[in-house]
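Taking it in order: structure first as structure tokens, then the write-up.
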There are 4 protein chains.
Amino acid sequence: MTALLIRSLVPADRAAWEPLWHDYLAFYKTTVPAEIYDMTFARLTGGDADMAAFVATGANGDFLGIVHTIQHRHCWKIEKVIYLQDLFTVPAARGRGVARALIEKVYAYADSMGAPHVHWLTAEDNYAGRMLYDKVGRRGPFIRYTRPL
Amino acid sequence: MTALLIRSLVPADRAAWEPLWHDYLAFYKTTVPAEIYDMTFARLTGGDADMAAFVATGANGDFLGIVHTIQHRHCWKIEKVIYLQDLFTVPAARGRGVARALIEKVYAYADSMGAPHVHWLTAEDNYAGRMLYDKVGRRGPFIRYTRPL
Amino acid sequence: MTALLIRSLVPADRAAWEPLWHDYLAFYKTTVPAEIYDMTFARLTGGDADMAAFVATGANGDFLGIVHTIQHRHCWKIEKVIYLQDLFTVPAARGRGVARALIEKVYAYADSMGAPHVHWLTAEDNYAGRMLYDKVGRRGPFIRYTRPL
Amino acid sequence: MTALLIRSLVPADRAAWEPLWHDYLAFYKTTVPAEIYDMTFARLTGGDADMAAFVATGANGDFLGIVHTIQHRHCWKIEKVIYLQDLFTVPAARGRGVARALIEKVYAYADSMGAPHVHWLTAEDNYAGRMLYDKVGRRGPFIRYTRPL
């Protein structure tokens, strides 16, 4: 059984983090320019009070998964709530509870912040993800609209 | 034809705004305590740089509809994006383009802020709303999960 | 208040029925050849024991709506069940309960046949239809797949 | 690699077929009385021209999966179409292409009958099934309503 450690993302993780976020973005068939890698990483590791990230590492400190979160206001609440935006597990580490452990870390972080609400979006046909989300989360009736580009 | 004016919500609107937000919350079968009315209204009218609201008024200045927005960070973007959280038209004013005008005002506001993205959630069976949203927005494949209470 | 009569479709209705089915098919962005108009009408009006149709007429006998049904076997039941395939109300007659009356006629027909189950499919974004179906029917969790063409 | 044979269900299969259908029904949290086991099996194995079934067997003739089909009229078509109602793979045989082979057998059967259309329903959250159906079928926009019980 491989050890699994969940910890905050820190500035020294820049090189190890990049390929995971790259592959996450590729899953959603998108890319972002280098300046967004730089800016988002800086914000997630202390540069923006509303952003936080956690990493799952294995026995050798190798990166198994990452999660990015964003706090934001909510009209129905006094406190900010947490939007879990990006979640990724490296393919070789799937089935070992990495994503579940990262989501549970976000829940613990929410509790530590007093955030009353954690939410995320997923593609309707992200079946592998939803098998987990149905266990650790609750699907409500909401669907998402966006402004047309 | 009734005149329709869209403008920012301002502190003097407190009394006129309250029943619309009350009825909006009732549509979603919820209520919030008085302190949240106070805090959210204060934040929407200048108290929080991430929050903004617009109101649609008729010929006599009567309130026909309201919309509340929240800016937040987004990992894929340099700029903040806009979450359109609450949108309500009073029943007697429906079918007159109030909601469409409010959404278009949010789009103009997003442009003025340089916000690259506007998004919102709606219940899958909010048919009346979706008839409009399919015209002014784009439904993507995303569904929403939340942390269980 | 216009009178509304629901009755079985009969061979003499051929000319009055055709434009309604045409417009129904146009709603689903499809057309069928003349031979299918002929064959389906013949089957619906006595030519096939598994098929039946009902028409809603107004004060002058004008056609306001139609519904087509198909009986079929069901592995879980002894009796055949009823598939409500086509349902259409002419635009000028909408909002007068035509579709509801036609569905209720199908329910009565099902009862007369001993059919334990009536089901139908609709497009997820057929909002006007679903406003009615949510009242007279029950949406289950099922979605439809087809063999690729 | 275990051999996989797909063939028609025949009367001698009664005992081997029953537990698979039982477990399929249990997946949908339902049961049916003994008379429906008898009647449906008889209809599927020659007793009803509109019904057919196929079985997947392994090296020893053990039952790995079953599929039940029903032909029915369709207003838009001259020919009957095929409704694939029940599909089940025993848990120990999953991941070996049993369900795919059964669906492909149904497609070949449809071709042999001249049936222009094969369709089926599945629960929106049947993720394991949909991983396959997205490959061998096409999800359209349709959802299912039923008459309330």
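The values are calculated or read from the model by the stated rules, or taken from the named source; none is laboratory data. Remember, it's a predicted structure, so these values are computed and weren't measured experimentally. For neighbour counting, all protein chains shown are included, and Cβ atoms are generated from backbone atoms with ideal geometry for every residue, glycine included.
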Query raised in the report: Just wondering, is there one or more residues in the range D:95-108 that are surrounded by fewer than 19 Cβ atoms within 10 Å (Cβ to Cβ), within 14 Å of chain A (Cβ to nearest Cβ) and either free of Cβ contacts under 8 Å to residues at least 60 places away in the same chain or not basic (Lys, Arg) (or both)?
Result: yes
Query raised in the report: Somewhere in the range D:110-117, is a residue at pLDDT 95 or above and within 8 Å of another protein chain (Cβ to nearest Cβ)?
Result: yes
Query raised in the report: Can you name the residue in the range A:1-38 that is among the polar types (S, T, N, Q) and part of a loop (DSSP other than H, G, I, E, B) and is also surrounded by the most Cβ atoms within 10 Å (Cβ to Cβ) among such residues?
Result: A:Thr2
**Report entry** the range D:31-43 residues that are over 11 Å from D:Glu18 (Cβ atoms), paired with ones that are aliphatic (A, V, I, L, M) (beta carbon under 7 Å, 6 or more apart)
**Finding:** D:Thr31/D:Leu25; D:Val32/D:Leu25; D:Ile36/C:Ile78; D:Met39/C:Ile78; D:Arg43/D:Met51
Report task. Take the range D:39-62 and flag every residue that is within 12 Å of another protein chain (Cβ to nearest Cβ) and either surrounded by 12 or more Cβ atoms within 10 Å (Cβ to Cβ) or closer than 18 Å to D:Thr122 by Cα (or both). Result -> D:Met39, D:Thr40, D:Phe41, D:Ala42, D:Arg43, D:Leu44, D:Gly47, D:Asp48, D:Asp50, D:Met51, D:Ala52, D:Ala53
Query raised in the report: Among the candidates D:Leu149, D:Leu121, which residue alone is closer than 29 Å to C:Gly137 by Cα and part of a strand (DSSP E or B)?
Result: D:Leu121
**Report entry** Set D:Val98, D:Val81: member being among the aliphatic types (A, V, I, L, M) and within 30 Å of C:Asp125 (Cα to Cα)
**Finding:** D:Val81
Report summary line: When every residue in the range B:63-75 that is without any contact (Cβ under 8 Å) to a residue 60 or more places away in the chain, out of contact with any Phe, Trp or Tyr (no Cβ under 6 Å at 6 or more places or on another chain) and among the hydrophobic types (A, V, I, L, M, F, W, C) is compared, the one farthest from the other protein chains (Cβ to nearest Cβ) is B:Phe63
Query raised in the report: Somewhere in the range A:50-66, is a residue out of contact with any Pro (no Cβ under 8 Å at 6 or more places or on another chain), over 20 Å from B:Phe142 (Cα atoms) and among the hydroxyl-bearing types (Ser, Thr, Tyr)?
Result: yes
Report summary line: When the range C:1-30 is checked residue by residue, the ones that are more than 10 Å from every other protein chain (Cβ to nearest Cβ), in contact (Cβ under 8 Å) with a residue 12 or more places away in the chain and hydrophobic (A, V, I, L, M, F, W, C) are C:Ala3, C:Leu4, C:Leu5, C:Ile6, C:Leu9, C:Val10, C:Ala16, C:Trp17, C:Leu20, C:Phe27
Query raised in the report: Does the range A:76-89 contain at least one residue that is more than 12 Å from chain B (Cβ to nearest Cβ) and crowded, with 22+ Cβ neighbours inside 10 Å?
Result: yes
Query raised in the report: For the range B:77-94, what are the residues that are touching a strand residue (DSSP E or B) at 6+ places or on another chain (Cβ under 8 Å) and either free of Cβ contacts under 8 Å to residues at least 24 places away in the same chain or within 22 Å of A:Pro33 (Cα to Cα) (or both)?
Result: B:Lys80, B:Val81, B:Ile82
Query raised in the report: For the range A:118-149, how many residues are of a type in the set (Lys, Arg), more than 8 Å from every other protein chain (Cβ to nearest Cβ) and surrounded by 14 or more Cβ atoms within 10 Å (Cβ to Cβ)?
Result: 0
Query raised in the report: Residue check, C:Gly65 against (1) over 17 Å from C:Arg14 (Cβ atoms); (2) buried (at least 17 other Cβ atoms within 10 Å of the Cβ), all met but one. Which one?
Result: (1)
